[in-house]
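Peer 1: Handing you this structure, nothing more for now.
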Ligand SMILES: [Zn+2]
């Protein structure tokens, strides 16, 4: 599964960030998945579940935001959001081919939410 290796590389990035910033415990990771990224959000969620069942990142929540596809018309320059990624007629001039994709190819970690100990001791909640 393609998404599984994507998750694996994400987890290693998260581990690096965790070490670099001295994060105590990671609570949540937010990921942006573009419509053209080639990764299926459901498969990402499933891969995440498989790979965080145990180990140092056990139980960390994954939130996936689906980013819409945005293009700029190759003929008239009008920016628009096509509903279908295989057939993209420009709403202004009707051109179908030659559009430039400005958003939707991306797949990246947007935010890592973590507990950072302020005085080196974990909060006890008292
Ligand atoms: Zn156009």
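The values are calculated or read from the model by the stated rules, or taken from the named source; none is laboratory data. If you're wondering where the values come from, they're calculated on a predicted model, not measured in any experiment. Ideal geometry is used to build each Cβ from the backbone, glycine not excepted, and the neighbour counts take in all protein chains shown.
Listed here are the residues, each with its yes/no results for (1) within 16 Å of the ligand (Cβ to nearest atom); (2) at pLDDT 95 or above; (3) surrounded by 13 or more Cβ atoms within 10 Å (Cβ to Cβ); (4) more than 20 Å from the chain's Cα centre (by Cα).
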site: 52; (1), (2), (3), (4): no, yes, yes, no
site: 73; (1), (2), (3), (4): yes, yes, yes, yes
site: 79; (1), (2), (3), (4): yes, yes, yes, yes
site: 88; (1), (2), (3), (4): yes, yes, yes, yes
site: 95; (1), (2), (3), (4): yes, yes, yes, yes
site: 100; (1), (2), (3), (4): yes, yes, no, yes
site: 107; (1), (2), (3), (4): no, yes, yes, no
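Peer 1: Something else: If residue 63 satisfies every condition in (1) in a loop (DSSP other than H, G, I, E, B); (2) within 30 Å of residue 18 (Cβ to Cβ) but one, which is the exception?
Peer 2: Result: residue 63 passes all but (1).
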